[in-house]
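A short worksheet on the structure shown next.
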Amino acid sequence: MPRTVSSSEVQNNFGAMLQWAEENNDEVVVERRGKPAGVIISYEEYQEVLRLREQDRRRTIFARMESIRKQVAESTPDLTAEEAYRLAGFSEDVIQQTLDNDKDLAEKA
């Protein structure tokens, strides 16, 4: 369970707060005037947060790309997915990565 402390307590005991977060693999919620203002987490937890952000960012990008692909495919049904991505202005690297991703998804379905 996260530990909650005041900002002045963190100022006076930062090393101990950081050590507690690392040892307990838990958060230290820092309050200013009784309201949460920040969090101290272990570096391991921070790396996980970054990984999840990147995963979400990629998921959002692929969803946008899929939406664009569908719009182009509906307006020009004779186009292949690759041609649709190219018309949408995606780079060759992005097209290849997207086609690979589409193939992986189709194989899992």
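Looking only at residues that are of a type in the set (A, V, I, L, M, F, W, C) and within 17 Å of ILE95 (Cα to Cα) in region 43-67, which one is farthest from the chain's Cα centre (by Cα)?
The residue in question is MET65.
With the structure loaded, tell me whether GLU27 is touching a strand residue (DSSP E or B) at 6+ places or on another chain (Cβ under 7 Å), surrounded by 11 or more Cβ atoms within 10 Å (Cβ to Cβ) and of a type in the set (D, E, K, R) or whether it fails that test.
So GLU27 passes the test.
So which of ILE68, ILE40 ends up being in contact with a helix residue (DSSP H, G or I) (Cβ under 6 Å, 6 or more places away or on another chain) and hydrophobic (A, V, I, L, M, F, W, C)?
Step by step, each of ILE68, ILE40 is checked, and only ILE40 is in contact with a helix residue (DSSP H, G or I) (Cβ under 6 Å, 6 or more places away or on another chain) and hydrophobic (A, V, I, L, M, F, W, C).
State yes or no: is GLU54 in a helix (DSSP H, G or I), assigned by TED's automatic domain parsing to the domain that holds PHE90 and surrounded by fewer than 13 Cβ atoms within 10 Å (Cβ to Cβ)?
yes
Considering each of MET65, MET1 in turn, give the residue that is aliphatic (A, V, I, L, M) and within 30 Å of LEU99 (Cβ to Cβ).
Selected residue: MET65, the only one of MET65, MET1 that is aliphatic (A, V, I, L, M) and within 30 Å of LEU99 (Cβ to Cβ).
Which numbered condition trips up ALA73, out of (1) assigned by TED's automatic domain parsing to the domain that holds GLU9; (2) aliphatic (A, V, I, L, M); (3) free of Cβ contacts under 8 Å to residues at least 12 places away in the same chain?
(1)
The values are calculated or read from the model by the stated rules, or taken from the named source; none is laboratory data. What you see is a predicted model; the values in this text were computed from it and never measured. Quick reminder, even Gly has a Cβ in these numbers, built from the backbone with ideal geometry, and neighbours come from all protein chains shown.
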